Amino acid sequence: MDIAQNAPETVIMAQDEAGVYLQSTTIAVWYQRGQSPVVRIDPGREKSCFYGSLNLLTGQEIAMQTPLMNAEMTAQHLKQILLAYPDRPILIFWDRAPWHKGPAIRQLLEENPRLELIFFPVASPELNPQEHVWKATRKAVSHNHFVPRLAELAKRFEDYLMSHTFATSFLDRFGYNAIRPMFI
């Protein structure tokens, strides 16, 4: 709650990564009686990686597509966030993935003292609001799809992330939204 009092202009975000595969995932669907839906099967494991950061106050998403997940790509995504909010303190909640550590991350944090990171507890993805963003996007874009090319599927995934807002009650659970107005 110190942030609400000391720096109410702070951008608070939840960050995570996800992979999008050409292999369609399935969910229940309505279909004509006596016919089975066709689900595309892709034998390969080719994937497109995404970094996503959810603004917990506005529901806006900052996303970045990348070929892999490592500390350098993570630092690049953090720079994207810093550019999106150039003059404001930023607090990011994220998990303990190995690519969230390393020289590239340490250097970026040293160069940008307005960026602060808080780690979620070990093995607790259910706490991260960004996981709900991935779930909603997969449901809308990659479940039961018939997209034949990974690049096209990844583009649809990114477009959905960037064109929608995602509500979360994460900050309400800790009373942040109740006291923040007193300090603005």
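Coordinate-derived values only; no laboratory data. None of these values were measured; they are calculated from a predicted model. Cβ atoms come from the backbone with ideal geometry, glycine included; neighbour counts cover every protein chain shown.
Mean residue ellipticity at 222 nm, helices only, the chain: -8500 deg cm²/dmol; runs of at least 4 DSSP H residues each add -39,500 (n - 2.57), and the sum is divided by the number of residues. The HN-Hα couplings worked out from phi for region 57-68 by the Karplus form 6.51 cos²θ - 1.76 cosθ + 1.60 (θ = phi - 60°) are 8, 9, x, 7, 10, 10, 10, 9, 8, 8, x, 7 Hz, whole numbers, x standing for Gly and Pro.
Considering only Val20, Trp134, Pro148, the residue lying farthest towards the positive end of the dipole of the chain is Pro148, judged by Cα position with unit charges set on Cβ. Rounded to the nearest 20, the size of the Cβ-charge dipole of the chain about its Cα centre is 600 debye, with Lys and Arg at +1 and Asp and Glu at -1. Here the contact order of the chain, divided by its residue count and restricted to Cα pairs under 8 Å and six or more residues apart, works out to 31 percent.
Taking Arg88, Arg45, Arg114 as the candidate residues, the one with maximal mean-square fluctuation in a Gaussian network model of the chain, Cα springs under 10 Å, is Arg45.
D for the chain, whole µm²/s, Stokes-Einstein with Kirkwood Rh over alpha-carbon pairs at 25 °C and 0.890 mPa s: what number?
Details: Rh = 17.9 Å.
Rounded, D is 137 µm²/s.
Residues whose amide H lies under 5 Å from that of Met13, counting only those 5 or more places away or on a different chain, are Leu56, Leu91, Ile92, Phe93; hydrogens are built 1.01 Å from N in the peptide plane. Partners of Lys79 within straight-line reach, counting lysines whose Cα lies under 21 Å from its Cα and excluding those fewer than 8 residues away in the same chain: Lys101.
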